[in-house]
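Q: Input: one structure, supplied below.
A short reminder: the numbers here are calculations on the coordinates, not readings from a lab. Note that the coordinates shown come from a computational prediction; the quantities given were computed from them, not determined experimentally. Methodologically, a virtual Cβ is constructed for each residue, glycine included, from the backbone with ideal geometry; neighbour enumeration extends over all protein chains shown.
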């Protein structure tokens, strides 16, 4: 059995002649909490539709747990929980009624687990769906996705509309689900919050993966160097692949992938350099730098090609 729970191989999807997914290769290891990141229009929601069997790929193949997402979609309904970006339910039903109705399409145990999740998420079973806040509506979607006790969770902006404490509680819960063997693919714009929960990260741009890596490896490979200089600012290029360089006055900072230890040591000891720091870059910093490189063709200094991948994943 493959170590990857979710796999796409060279998936292409076109809308009106334009590629929404352009040869997408995605690997999500079993038990991972995989942060699926990208700007609006990058292809995240299209990927979710392919994985849930709501649409076929034009070319390529997508599988979950070894099952083809299109031809085995019915079977996967009982193994995969899905929260769309904008869930829509029968608004005239109560919270309890939507659970009872949906449970009729699932295996035994769904309704009991749905009630447990609605209680944990602070939902009133007697309240009509049309009377719920945006956050309450989103919590119903989460409860319905978790109630089948799925092996894989596909979450498209699941925390949108949730208050801060509920978001943090939910994201912390993802770590528990992964520890129990579940696999989670989550798309969200809350990058800083996702960093606390995810184990792997993938960056999508224009329908292609531009980076895929375990988060721990990404933290090791991408470093933030900062310093103060006396006269001329140092050249960042010898350090490695420069993702971003900035600073004001005598303060200098660079975000570098795969830094050369010899070059780093030389910079630390260079004349006029003081307050040298080698620190871990945040996921949000890496994301912003790579997206900016894609928009400009290179970092602020220019000339360095786009990074396709960091490590396995």
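Q: Suppose we look only past 18 Å in the calculated P(r) of segment 70-166. What percent of the Cα-Cα pairs does that tail hold? Walk me through the intermediate numbers first.
A: On the way: 1983 of 4656 pairs.
In whole percent, the share of Cα-Cα pairs in segment 70-166 beyond 18 Å is 43.
Q: Ranked by Cβ crowding within 10 angstrom, fewest neighbours first, how are 191, 64 ordered?
A: Numbers: 191 18, 64 27.
So the residues, fewest neighbours to most, are 191, 64.
Q: Ok, one more. Using the 10 angstrom Cβ neighbour count as an exposure proxy, how do 67, 165, 227 rank, fewest first? Write down the numbers at each step before the final one.
A: On the way: 67 16, 165 8, 227 22.
So the residues, fewest neighbours to most, are 165, 67, 227.
Q: What residue among 272, 207, 103 shows peak mean-square fluctuation when the chain is described by a Gaussian network model with Cα springs under 10 Å?
A: Ranking 272, 207, 103 by mean-square fluctuation puts 272 first.
Q: Using just the helices of the chain, give the 222 nm mean residue ellipticity in deg cm²/dmol: DSSP H runs with n ≥ 4 each add -39,500 (n - 2.57), and the total is spread over all residues, rounded to 500.
A: Details: 10 runs with 97 residues, N = 313.
So the calculated ellipticity at 222 nm is -9000 deg cm²/dmol.
Q: Provide the packing ranking of 40-47, 177-184, i.e. peptides ordered by the mean count of other C-beta atoms within 10 Å per residue, highest first. Spell out each step's value before the answer.
A: Numbers: 40-47: 19.8, 177-184: 17.8.
Descending packing order for the listed peptides: 40-47, 177-184.
Q: Label segment 25-74 by shape, choosing from rounded, prolate and oblate, from the square roots a ≥ b ≥ c of the eigenvalues of the Cα gyration tensor; if a/c is under 1.5 it is rounded, and otherwise prolate applies when a/b is larger than b/c, oblate when it is not. Walk me through the numbers on the way to the answer.
A: On the way: a/c = 2.03, a/b = 1.16, b/c = 1.74.
Verdict is oblate for segment 25-74.
Q: From the gyration tensor of the Cα coordinates in segment 130-205, what semi-axes in whole Å does the equivalent ellipsoid have, largest first, with each one equal to sqrt(5λ)?
A: Numbers: eigenvalues 77, 50, 27 Å².
Here the semi-axes work out to 20, 16, 12 Å.
Q: Take the chain, connect every pair of alpha-carbon atoms lying under 10 Å apart with a spring to form a Gaussian network, then pick out the residue of 30, 61, 268 with the largest mean-square fluctuation.
A: With Cα springs under 10 Å in the chain, the top fluctuation among 30, 61, 268 is at 268.
Q: Now for a separate question. Cα extents of the chain along the three principal axes, largest first, in whole Å?
A: Cα spread of the chain along its principal axes, largest to smallest: 72, 42, 37 Å.
Q: Same structure, new question: Enter the mean projected area of the convex hull around the alpha-carbon atoms of segment 230-291, in nm², rounded to one decimal. Could you put the intermediate results ahead of the total?
A: Working: hull surface 17.3 nm².
Averaged projected hull area, Cα only: 4.3 nm².
Q: Over all directions, the average projected area of the alpha-carbon convex hull for segment 163-266 comes to how many nm²? Could you put the intermediate results ahead of the total?
A: Details: hull surface 38.1 nm².
For the Cα atoms of segment 163-266, the hull's average projected area reads 9.5 nm².
Q: Also, quick follow-up: Estimate the FRET efficiency between residue 263 and residue 172 by the formula 1/(1 + (r/R0)^6), using the beta-carbon distance for r and 45 Å for R0, to the nearest 0.05. The partial results should precede the final answer.
A: Values: r = 39 Å, r/R0 = 0.87.
Approximately 0.70, to the nearest 0.05.
Q: Name the shape class, rounded, prolate or oblate, that the alpha-carbon gyration tensor gives for segment 1-97, where a ≥ b ≥ c are the square roots of its eigenvalues, rounded holds for a/c under 1.5, and otherwise prolate holds if a/b is larger than b/c and oblate otherwise. Display every interim value, and only then the final one.
A: Values: a/c = 1.70, a/b = 1.26, b/c = 1.35.
Note, shape of segment 1-97 comes out oblate.
Q: With a 10 Å Cβ neighbour count serving as the proxy for reagent exposure, in which order, fewest first, do 276, 229, 105, 251 appear?
A: Values: 276 16, 229 19, 105 10, 251 13.
With the fewest neighbours first, 276, 229, 105, 251 line up as 105, 251, 276, 229.
Q: While we're here: Express the relative contact order of the chain as a whole percentage, based on alpha carbon pairs under 8 Å and six or more residues apart in sequence. Please list the in-between numbers first.
A: Working: 625 pairs, mean separation 58.4, N = 313.
Relative contact order comes out at 19 percent.
Q: Could you tell me the center-to-center distance, by alpha carbons, between segment 36-86 and segment 220-245 in angstrom?
A: Computed from Cα coordinates, the inter-centre distance equals 40 Å.
Q: Further question on the same structure: Considering only the chain, what is the antiparallel percent among its DSSP beta bridges, to the nearest 5? Numbers along the way, then the final one.
A: Values: 41 of 58 bridges.
That works out to approximately 70 percent antiparallel.
Q: Name the shape class, rounded, prolate or oblate, that the alpha-carbon gyration tensor gives for segment 71-111, where a ≥ b ≥ c are the square roots of its eigenvalues, rounded holds for a/c under 1.5, and otherwise prolate holds if a/b is larger than b/c and oblate otherwise.
A: Details: a/c = 2.56, a/b = 1.36, b/c = 1.89.
Taking the square roots of the gyration eigenvalues as a ≥ b ≥ c, segment 71-111 is oblate.
Q: Which residue, 188, 71, 226, has the most motion in a Gaussian network model of the chain that connects Cα atoms within less than 10 Å?
A: Between 188, 71, 226, it is 71 that shows the largest mean-square fluctuation.
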